[in-house]
Amino acid sequence: MADRNDYVAALGKVFSDDAPANPKKSVKKARVGFAADVDVKEFEVENYGDVEADNVSYGGKSTKRLKVYDAKQRQSWYVDQKTYALLSKRNITRTDSEGGIIPIQDKTTDDKTFNEKYDLDLEELFDSKVSDKDAILWTDSNNEVVTRKGCGKTAWRNAYRRLVVHVMDPKNAIRFSRALQIQLDYLMAHEALLLNDIIVVLDKISDDPRNHTSKKKKKMDLNIALTKALLNVNVGRILVANSGTISYFFHPDTRVSNNRTFNLLSGWQFSNIISPIAMFTPSENFIGSRALAVNSILRSFLGPGRFLTRLITGGREEFVVDDVKAIAQNLAAETTGFEAAMRAQFGNHAGRQKVNQFRIENRLPTDESAVRSFIGSPISTMVNNGVVHVLRALANHWEGLNQIPFGNFAHQRMEQLNVNVILRFHMPFVLMTLANLRGWCSWDSMVLAPFITKLMNIRPGVNMNVANELLNELNTTIVDNVCGGIFSRMEPFRRWITQMRVANELIMTEKDKVVTIVSSVTSGIESGYKLAKTVDWVVPDDDVMVRSIIQHIKLDAVKKKLRNHNGERLIDEENGTLDANQAGSALQDMDQEEIGPAMKIAGGSISSIVSFVQKDLSKRQKTGMTDHLVKRAMNALRPRDKRFLIELVNKGHEEIRAAKLLSRRVGTLLKREMRRARLDARIKELSRGSVATEMIEDEWYIVDRTEDDGSTTELGSFQFRTRRSSTSDVLFINRSGKEDRFDANSHVFRKFIPIGEAIVRAQKAFMVIELDLLKRFAYASYMEFSDLREDLIKLQILSGVNCYFLDDARLDVLSHIKNHSSTQVSWRDLKPGHQYFVEQKPYKYELFEFEEGMDLDNRKRYFSIPPQNMIVVG
């Protein structure tokens, strides 16, 4: 994280008018990592001959040093090549006194190394493993997707979709997309994919203002994306909740450009009805004050508590807001309309005094509360709190965050900095409010309106040059006039602008760190995103799932008996098979209490129960609601709730309210388990590589056992150790560290492609970005860089992908770090007279001195120093 020196340097760059510095000497750059520092830093490295060392002979070789220069700290030092070994362009790792290399970073995290190591082409891999029939049918979804039956459930969605498509233009597209992308964190993976489809189309509309692609084609794509997304309840709610960012009638620059016309429209008495179309900001110096007086008269004339009163007067009623015991007043004042209501009743001065008194009594942090409410509603916050107070709060907030060396993780997302969003969305309303308080004039139409248009048309770029140019123009040509020459407004406004320019310099430094992190997990991002796009997320409806759960509970005693009858397994739920010949005799031994629930749904005879169980198994194989997944979902309940549900169902009380509630809860958990099972199956399929002809020591392979009928059964993934030349035995190490031997004649060994590990590393990268780099700037601020936007959105979606295979992959990554083999030495390379460590058993090493002719066990591993044991918290 940036320190105090970064802020001083950025501030100096903002005010610096000096000529650019002389270009630096061309040197080779490399990323350097140290054992005590997790961050990978970029340094300039050049070979430097040590003059004194050249005169001294060390075994006939002269010693050279590396000159390492830190451009940020402006410091340089020399490191001995004997101490620091340059392994690759990716990192430098430190060696210890014995010559052993201390592991810093697993090289498979690098995208290029990952693809080269496994000879992997993600496009080809997914094309070969995934067929066209696996494509997602979003329109045939589940209970999370609202049914199409009934006009009431579809009419408003169709009307909303047509309205959004009709009003969508580049300005609305960029506003709407930025509001939607914030919600990706709160959705499951399949829902985030639906929302992302809309964001992709909106980006195409906003990035193509001159319509190089036909407007009809773009609106058609948006129509299709909205049709799919609105079928999902959660995504539909997000779309509707963020629709306030769309300008349905006029954009702010249009209002400012035609301010005289809108000035007349805003003078209508019933301003609260026409305000969504044409109204400017009401203020002390504007005709909105008359509307406030009229509203006060109408409240008394029409009477409190009536719909017409709330409609005309803006929903503010005297007896509600003036009651100190009202529950709404215990919330943030700006979010409830409390401040505006106080000003409407008691006037501007007295209303603000009442609000301040309320804040003091309820210990609301005034500045922090104003900053948060400004993000959601900038106009009302500035008018209700006072523009000078809000501008000072914003300037202080930005200056405080810029100056804090390590940021503040406690800040809410609304308090994190995002310059482009502020300029694009909030600055037009700030300028409109200031101009409205000053009074409209022709300068606003000729100068201010075109500048607001520039602000609203900011597009993502590779740097912050456009934002800096607009801030310079704002500071030199706009501030004085829009503030009317009032120093109390100009001073905090200019200070805020300066801090935004400082933030632009700081975020470029932070961007380099994000680029380093994202570029190292590109394979994981792409494979995880493709995985999410190709998995079938559709699950049955709620009613079907509840019936399946009830049926599972009633047949559980019967299936438990068939799973172990005289030591034999007569039923296999995983494959859906049943030995019907012996099942009947096995069920004869059950008492009436155990078999009673099954008889109620299958019939009164044993043969009918056996037939019903066979049909149940085949149906579960088709729908994917296997008994194993249902049990896993039920185990996720509280033990008391689970036992209570079983007792209710077995006694025939599944129709009562408690049983319905618990069964629906199990159904929700079952959806999660089914989706995780499909993710597990797909990742397992993608991890199977080609048959290995030659195996490399310490690499992982999938072992398949060849059955008598020619089919194969996967036994899992194992780490190859050695292969005997005299026999067909192959020695592997399993995940618990124990040895396993497999006969090469009856087993097939396949390459293991660590797709799961790559996805886990990408998810870890997302966590690192959130924890280490979001203490000052918002995650969305890095999305404003065109070279990062697509990858960061995919990474955000990937963070919601979870399954049990990925849980195992996380353990594999930690195990790989703990048992890093960088200090391992082949038994053929041992040198006489040197000391080495031999692994007697997992995590136990014995020191010995190698002598010529010593008999060695080539099945064991030898190390120059024992591997480090590291505790990893993650």
Please determine whether any residue of segment 497-511 is of a type outside the set (S, T, N, Q), closer than 30 Å to residue 757 by Cβ and part of a helix (DSSP H, G or I).
yes
When segment 450-464 is checked residue by residue, the ones that are under 12 Å from residue 174 (Cα atoms) and open to solvent by 10 Å² or more (accessible area, probe 1.4 Å) are 457, 459, 460
In this structure, is residue 482 touching a Lys or Arg at 6+ places or on another chain (Cβ under 9 Å), of a type in the set (Val, Ile, Thr) and open to solvent by less than 30 Å² (accessible area, probe 1.4 Å)?
yes
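I need the full set of residues from segment 511-544 which are of a type in the set (A, V, I, L, M, F, W, C) and either open to solvent by less than 20 Å² (accessible area, probe 1.4 Å) or closer than 20 Å to residue 786 by Cβ (or both), in order please. Talk me through it step by step, then tell me what you get.
We begin by selecting, within segment 511-544, every residue of a type in the set (A, V, I, L, M, F, W, C); these are 514-515, 517-518, 521, 525, 531-532, 535, 537-539, 544.
Those that are of a type in the set (A, V, I, L, M, F, W, C) and either open to solvent by less than 20 Å² (accessible area, probe 1.4 Å) or closer than 20 Å to residue 786 by Cβ (or both): 514, 515, 517, 518, 521, 525, 531, 532, 535, 537, 539.
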In this structure, is residue 667 of a type in the set (Gly, Ala, Ser), within 31 Å of the chain's Cα centre (by Cα) and at pLDDT 90 or above?
yes
What do you reckon, is residue 756 touching a residue at least 40 places away in the same chain (Cβ under 8 Å), part of a loop (DSSP other than H, G, I, E, B), open to solvent by less than 40 Å² (accessible area, probe 1.4 Å) and not aliphatic (A, V, I, L, M)?
no
Filtering segment 841-874 down to residues that are within 26 Å of residue 813 (Cβ to Cβ), modelled with pLDDT of 80 or more and either outside any loop (DSSP other than H, G, I, E, B) or open to solvent by 60 Å² or more (accessible area, probe 1.4 Å) (or both) yields 845, 860, 862, 863
Only unsatisfied item for residue 585, checking (1) in contact (Cβ under 8 Å) with a residue 12 or more places away in the chain; (2) out of contact with any helix residue (DSSP H, G or I) (no Cβ under 8 Å at 6 or more places or on another chain), is (1)
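In segment 683-697, what residues are closer than 26 Å to residue 728 by Cβ and surrounded by fewer than 15 Cβ atoms within 10 Å (Cβ to Cβ)?
Filtering segment 683-697 down to residues closer than 26 Å to residue 728 by Cβ leaves 687-697.
690, 691, 693, 694, 696, 697, listed by residue number.
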Failed condition for residue 530, given (1) in contact with a helix residue (DSSP H, G or I) (Cβ under 6 Å, 6 or more places away or on another chain); (2) not in a helix (DSSP H, G or I):
(2)
Restricting to segment 485-494, count the residues that are in a helix (DSSP H, G or I) and open to solvent by less than 60 Å² (accessible area, probe 1.4 Å).
5
Check whether at least one residue in segment 724-737 is surrounded by fewer than 13 Cβ atoms within 10 Å (Cβ to Cβ), in a strand (DSSP E or B), over 34 Å from the mean Cα position of the chain (by Cα) and of a type in the set (A, V, I, L, M), and report yes or no.
no
Inter-residue pairs, beta-carbon under 8 Å, first more than 14 Å from residue 427 (Cα to Cα) and of a type in the set (Ser, Thr, Tyr) and in segment 472-495, second open to solvent by 50 Å² or more (accessible area, probe 1.4 Å) and modelled with pLDDT of 90 or more, 6+ apart:
477/447
What number of residues within segment 129-180 are part of a helix (DSSP H, G or I) and modelled with pLDDT of 55 or more?
27
Of the residues in segment 718-745, those that are among the small types (Gly, Ala, Ser) and within 17 Å of residue 842 (Cβ to Cβ) come to 736, 737
Spot the failing condition for residue 636; the list is (1) within 30 Å of residue 527 (Cβ to Cβ); (2) surrounded by 20 or more Cβ atoms within 10 Å (Cβ to Cβ); (3) out of contact with any Cys (no Cβ under 9 Å at 6 or more places or on another chain), and only one is missed.
(2)
For segment 578-614, name all the residues that are among the aliphatic types (A, V, I, L, M), open to solvent by 20 Å² or more (accessible area, probe 1.4 Å) and part of a helix (DSSP H, G or I).
580, 599, 601, 602, 606
Scanning for something outside any helix (DSSP H, G or I), modelled with pLDDT under 85 and in contact with a helix residue (DSSP H, G or I) (Cβ under 9 Å, 6 or more places away or on another chain), does segment 616-624 turn up at least one residue?
no
Going by the structure shown, is residue 771 aliphatic (A, V, I, L, M) and open to solvent by 70 Å² or more (accessible area, probe 1.4 Å)?
yes
Any hit, segment 792-803, residues being modelled with pLDDT of 85 or more, over 30 Å from residue 633 (Cα atoms) and buried (at least 17 other Cβ atoms within 10 Å of the Cβ):
yes
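Taking residue 721 as the residue in question, decide whether it is of a type in the set (D, E, K, R) and touching a Lys or Arg at 6+ places or on another chain (Cβ under 7 Å). Please lay out each step first, then the result.
Numbers: of a type in the set (D, E, K, R): yes; touching a Lys or Arg at 6+ places or on another chain (Cβ under 7 Å): yes.
Yes: the conditions hold for residue 721.
The values are calculated or read from the model by the stated rules, or taken from the named source; none is laboratory data. Fair warning: this is a prediction, and the values are worked out from it, not measured in the lab. Because the Cβ atoms are built from the backbone with ideal geometry, glycine has one as well, and the counts that use them run over all protein chains shown. Accessible surface is based on the protein model in full, side chains and every heavy atom, while ligands, DNA and RNA are left aside. Shrake-Rupley method; radii C 1.70, N 1.55, O 1.52, S 1.80 Å.
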